[in-house]
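**Student:** One structure, pasted below without further comment.
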Amino acid sequence: MIYLLDVNALVALGFQQHEFHHRMASWIGRDRPSHLATCSITELGFVRVLSQAAAYGLSITQARVLLLRLKRSEFPQFTFVSDEHDVSRLPAWVKTAAHVTDGHLAELAKAHTAVLATLDRRIPGAFLVPE
């Protein structure tokens, strides 16, 4: 099974000081998913979130290096999913601005025979990383 990580899951996995890092690391250690995936949206989101001075305070370069290091890890292996979807692929359950990216990522995962892995229980059909 391939799991496309949403931005929050990717940040939590890659940044040890994140409040949910232990949750992500425990899931990886316990369930040993063999393949995790990123895409342009999740990678750019990772860099954007970690380079916001008020939240984490890394520079863009530091956030980028951290992500590249994470993606080079031997376990789990990372796959990059290309994103060829436009707005016409948004699922019908997307009704608010807060769900636009979630819906896009869920459909992108499905198109690549993967499942969206998240810390957010409000995404239909996504895998909720266990607590």
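**Student:** So the check is Cβ under 8 Å with 6+ separation or different chains; which pairs have a first residue in the stretch 49-78 that's among the hydroxyl-bearing types (Ser, Thr, Tyr) and a second one that's part of a loop (DSSP other than H, G, I, E, B) and surrounded by fewer than 16 Cβ atoms within 10 Å (Cβ to Cβ)?
**Tutor:** SER51/SER59; TYR56/GLN17
**Student:** State all residues of the stretch 22-47 that are in a helix (DSSP H, G or I) and more than 13 Å from the chain's Cα centre (by Cα); if no residue qualifies, say none. I'd like the intermediate steps shown before the answer.
**Tutor:** Taking the stretch 22-47 and keeping what is in a helix (DSSP H, G or I), we get 22-31, 40-47.
Across the stretch 22-47, the qualifying residues are HIS22, ARG23, ALA25, SER26, TRP27, ILE28, GLY29, ARG30, ASP31.
**Student:** Conditions: (1) touching a residue at least 24 places away in the same chain (Cβ under 8 Å); (2) in contact with a helix residue (DSSP H, G or I) (Cβ under 9 Å, 6 or more places away or on another chain); (3) among the hydroxyl-bearing types (Ser, Thr, Tyr); (4) farther than 19 Å from VAL129 by Cα. THR38 meets all but one. Number of the miss?
**Tutor:** (4)
**Student:** Then there's this: Is it true that some residue in the stretch 111-124 is more than 12 Å from TYR3 (Cβ to Cβ) and assigned to a helix (DSSP H, G or I)?
**Tutor:** The first filter runs over the stretch 111-124 and keeps only residues more than 12 Å from TYR3 (Cβ to Cβ), leaving 111, 119-124.
Imposing the further condition that a residue be assigned to a helix (DSSP H, G or I) reduces the set to 111.
Checking the stretch 111-124: at least one residue is more than 12 Å from TYR3 (Cβ to Cβ) and assigned to a helix (DSSP H, G or I).
**Student:** Here is a follow-up. Which of the residues spanning the stretch 4-17 are touching a residue at least 12 places away in the same chain (Cβ under 8 Å), farther than 14 Å from PHE127 by Cα and in a loop (DSSP other than H, G, I, E, B)?
**Tutor:** PHE15, GLN17
**Student:** HIS104 passes all but one of (1) more than 11 Å from LEU4 (Cα to Cα); (2) loosely packed, with under 14 Cβ neighbours inside 10 Å; (3) of a type outside the set (Asp, Glu); which number fails?
**Tutor:** Unmet for HIS104, out of (1) more than 11 Å from LEU4 (Cα to Cα); (2) loosely packed, with under 14 Cβ neighbours inside 10 Å; (3) of a type outside the set (Asp, Glu): (2).
**Student:** Got at least one residue in the stretch 79-91 being touching an Asp or Glu at 6+ places or on another chain (Cβ under 7 Å) and of a type in the set (Val, Ile, Thr)?
**Tutor:** Scanning the stretch 79-91 turns up no residue that is touching an Asp or Glu at 6+ places or on another chain (Cβ under 7 Å) and of a type in the set (Val, Ile, Thr).
**Student:** Enumerate the pairs (first residue in the stretch 85-98 and over 16 Å from GLY125 (Cβ atoms); second residue anywhere and surrounded by 10 or more Cβ atoms within 10 Å (Cβ to Cβ) and at pLDDT 95 or above) with beta-carbon separation below 9 Å, excluding pairs fewer than 6 apart on the same chain, so at least 6 apart or on different chains.
**Tutor:** The qualifying pairs are VAL87/VAL100; VAL87/HIS104.
**Student:** On the given criteria, is PRO130 in contact (Cβ under 8 Å) with a residue 40 or more places away in the chain, in contact with a strand residue (DSSP E or B) (Cβ under 7 Å, 6 or more places away or on another chain) and in a loop (DSSP other than H, G, I, E, B)? Full working, then the answer.
**Tutor:** Values: in contact (Cβ under 8 Å) with a residue 40 or more places away in the chain: yes; in contact with a strand residue (DSSP E or B) (Cβ under 7 Å, 6 or more places away or on another chain): no; in a loop (DSSP other than H, G, I, E, B): yes.
In short, no.
**Student:** Considering the stretch 81-101 alone, what residues qualify as being surrounded by 13 or more Cβ atoms within 10 Å (Cβ to Cβ) and over 19 Å from ALA9 (Cα atoms)? Give the steps one after another, and end with the answer.
**Tutor:** Residues of the stretch 81-101 surrounded by 13 or more Cβ atoms within 10 Å (Cβ to Cβ): 81, 83, 85, 89-91, 93-94, 99-101.
HIS85, ARG89, LEU90, PRO91, TRP93, VAL94 - these are the residues of the stretch 81-101 that are surrounded by 13 or more Cβ atoms within 10 Å (Cβ to Cβ) and over 19 Å from ALA9 (Cα atoms).
**Student:** Would you mind telling me which numbered condition in (1) within 13 Å of VAL7 (Cβ to Cβ); (2) crowded, with 16+ Cβ neighbours inside 10 Å; (3) not polar (S, T, N, Q) LEU44 fails?
**Tutor:** All conditions pass for LEU44, except number (2).
The values are calculated or read from the model by the stated rules, or taken from the named source; none is laboratory data. The shown structure was predicted, so the numbers you read here are calculated from the model rather than taken from an experiment. In this analysis, Cβ positions are derived from the backbone assuming ideal geometry, glycine residues included, and neighbour counts consider all displayed protein chains.
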